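See below for the structure under consideration.
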Amino acid sequence: MQTPILDEVRRPTATEGNGMQLALSPSRAADYKNCPLLYRFRSIDRLPEPPSAVATKGTLVHAVLDEVFNAPANLRSPAAAVALVQPAWQTLCEEKPELEQLFASDTEAAEWLSSAKALVMGYFELEDPQRLEPEAREIFLEVELDDTLKLRGYVDRLDVTPAGEIRVVDYKTGAVPSEAFEAKALFQLKFYALMIWKTRGVVPKQLRLVYLRSKQVLDYAPSEQELLNCERLLRSLARAITAAKQSGKFLPRPGRLCSWCPHQQLCPAHGGTPPPYPYDLV
């Protein structure tokens, strides 16, 4: 892993830094919960991160499953979906040419692409897209809780029944988590459910996690009280982040996720030194 060239790191502009309203997405909220220093590296320092094969596969599979629903219902077949993988990959590479450098050989790239096709095929064992007509896919949601906190994020799919019942669907290309980590997996969907409740006045009837690798579906029915608890948690996180921005103290939180972090060489917990904190921009 190469150390980022700090002089080339994009710093937040004065407008971005001085705004009083904090914007949180599920991923940035999770970053701060897992490691405040990681939140700083990604949200304040905006350090570049090399693309990963795992994350890129998730992006590719999500793009294909979104495209599946552009076809008429009777044409949404496994074969048609798998045929979308190669064009979708070419599109991603055109948008981000660096992705072609992910693989050491053509054989490795072909195996990776085959594994993505297998995930797409597996989806059809979990749901029948011919029986579904989502209200929205890859939808961007944004809601202001107050003048200090804004929530935002992209939802993979929203299904709405004629009676107005809402299901929030999220595709996962990894395996089903253990029971100890299931709450973390649901956090993202509760975040989305809270935004939907705030904007539509309706608590989603169902949250659905579709685990493509494990070929399992986890459904969860959130309560109004759980979403209120989620809101309290997010407000608490926002207060902690705001205080850390003012002090510049984003402490590392070493743990099992450190092995996946692209910024270990800059982390004090691993003998590194973070770049100077831009106090004048926050």
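Run down Ala175, Ala243, Ala185 and say which single residue is in contact with a Lys or Arg (Cβ under 7 Å, 6 or more places away or on another chain) and without any contact (Cβ under 8 Å) to a residue 40 or more places away in the chain.
On the way: Ala243 fails: in contact with a Lys or Arg (Cβ under 7 Å, 6 or more places away or on another chain); Ala185 fails: in contact with a Lys or Arg (Cβ under 7 Å, 6 or more places away or on another chain).
After ruling out the rest, the residue left standing is Ala175.
State the number of residues belonging to segment 1-39 that are modelled with pLDDT under 50 and hydrophobic (A, V, I, L, M, F, W, C).
Of all residues in segment 1-39, those modelled with pLDDT under 50 come to 1-18.
With hydrophobic (A, V, I, L, M, F, W, C) added as a condition, the list becomes 1, 5-6, 9, 14.
Total meeting the criteria: 5.
Taking the condition of being aromatic (Phe, Trp, Tyr) and outside any strand (DSSP E or B), how many residues in segment 163-185 meet it?
We begin by selecting, within segment 163-185, every residue aromatic (Phe, Trp, Tyr); these are 171, 181.
Adding the requirement that they be outside any strand (DSSP E or B) leaves 181.
The qualifying residues number 1.
Which ones in segment 140-153 are surrounded by 15 or more Cβ atoms within 10 Å (Cβ to Cβ), out of contact with any helix residue (DSSP H, G or I) (no Cβ under 6 Å at 6 or more places or on another chain) and either on the phi > 0 side of the Ramachandran plot or not basic (Lys, Arg) (or both)? Spell out how you get there, then give the answer.
Our first condition is that a residue be surrounded by 15 or more Cβ atoms within 10 Å (Cβ to Cβ); within segment 140-153, this holds for 141, 143, 145, 149-153.
In the following step, the residues that additionally are out of contact with any helix residue (DSSP H, G or I) (no Cβ under 6 Å at 6 or more places or on another chain) were identified as 145, 150, 152.
Listed by number, the list holds a single entry, Leu145.
Failed condition for Ala109, given (1) surrounded by 15 or more Cβ atoms within 10 Å (Cβ to Cβ); (2) closer than 16 Å to Val64 by Cα; (3) of a type outside the set (Ser, Thr, Tyr), with all others met?
Every listed condition holds for Ala109 apart from (2).
Name the one entry in Gln90, Gln188 that is surrounded by fewer than 17 Cβ atoms within 10 Å (Cβ to Cβ) and part of a helix (DSSP H, G or I). Break it down into steps so the answer makes sense when it comes.
Values: Gln188 fails: surrounded by fewer than 17 Cβ atoms within 10 Å (Cβ to Cβ).
Going through Gln90, Gln188 in turn, the sole match is Gln90.
Is it true that Lys205 is farther than 20 Å from Asn34 by Cα, surrounded by 13 or more Cβ atoms within 10 Å (Cβ to Cβ), at pLDDT 95 or above and touching an Asp or Glu at 6+ places or on another chain (Cβ under 7 Å)? Break it down into steps so the answer makes sense when it comes.
Values: farther than 20 Å from Asn34 by Cα: yes; surrounded by 13 or more Cβ atoms within 10 Å (Cβ to Cβ): yes; at pLDDT 95 or above: yes; touching an Asp or Glu at 6+ places or on another chain (Cβ under 7 Å): yes.
So Lys205 fits the description; yes.
Can you name every residue in segment 59-73 that is touching a residue at least 40 places away in the same chain (Cβ under 8 Å), surrounded by fewer than 18 Cβ atoms within 10 Å (Cβ to Cβ) and out of contact with any strand residue (DSSP E or B) (no Cβ under 7 Å at 6 or more places or on another chain)? Reasoning before the result, please.
The first filter runs over segment 59-73 and keeps only residues touching a residue at least 40 places away in the same chain (Cβ under 8 Å), leaving 60-62, 64-66, 68-69, 73.
Next, only the ones that are surrounded by fewer than 18 Cβ atoms within 10 Å (Cβ to Cβ) stay: 66, 69, 73.
Listed by number, the list holds a single entry, Ala73.
Hey, among Ala193, Ala175, Ala163, which residue is small (Gly, Ala, Ser) and either in the same structural domain as Val120 (by TED's automatic domain parsing) or over 16 Å from the mean Cα position of the chain (by Cα) (or both)? Quick ask: steps written out before the conclusion?
Numbers: Ala193 fails: either in the same structural domain as Val120 (by TED's automatic domain parsing) or over 16 Å from the mean Cα position of the chain (by Cα) (or both); Ala175 fails: either in the same structural domain as Val120 (by TED's automatic domain parsing) or over 16 Å from the mean Cα position of the chain (by Cα) (or both).
Answer to the check: Ala163.
The values are calculated or read from the model by the stated rules, or taken from the named source; none is laboratory data. Keep in mind the model is a prediction, meaning the values are calculated, not measured. For neighbour counting, all protein chains shown are included, and Cβ atoms are generated from backbone atoms with ideal geometry for every residue, glycine included.
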